[in-house]
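Working notes for the structure below.
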């Protein structure tokens, strides 16, 4: 599960359930994700998402997403973060055997 081993839940503000209700009401209980090709997602919003990841719980940084859009966004952020941690090594450019002296 997403919360396993995470300290995220303990860092949420005490009034988090009230914030979630306000965000759902503000966004009309609909996913606010916009696709490049087909426009806005038409699914029911279920998850409150931090637009900029971190501990900024202001309403300007929160939006409602459907479960699918939230998972896609979270997976993309996780992959990007993991990519920054990878050690990059330079390998010598191979020479074609026919061109070796």
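Laboratory data are not the source of any read-out in this text; all were calculated from the coordinates shown. Every value quoted in this text rests on a predicted model; they were computed, and no experiment measured them. Neighbour counts are summed over all protein chains in view; Cβ atoms, including those assigned to glycine, are modelled from backbone coordinates with ideal geometry.
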Item to complete: Just rank 76, 70, fewest to most, by other beta-carbon atoms within 10 angstrom.
Response: 76, 70
Worksheet, complete the sentence: Note: the range 22-67 at 20 °C, 1.002 mPa s; Kirkwood Rh on alpha carbon pairs; Stokes-Einstein D in µm²/s works out to 198 µm²/s
Worksheet item: When the Cα centres of the range 41-65 and the range 3-32 are compared, how far apart do they sit, in Å?
Response: 8 Å
Worksheet item: What label, among (1) 11.2; (2) 6.1; (3) 10.7, belongs to mean projected area of the Cα convex hull in nm² computed from the structure on display?
Response: (1)
Worksheet item: How high is the relative contact order of the range 1-70, in percent, counting Cα pairs under 8 Å that sit 6 or more residues apart?
Response: 30 percent
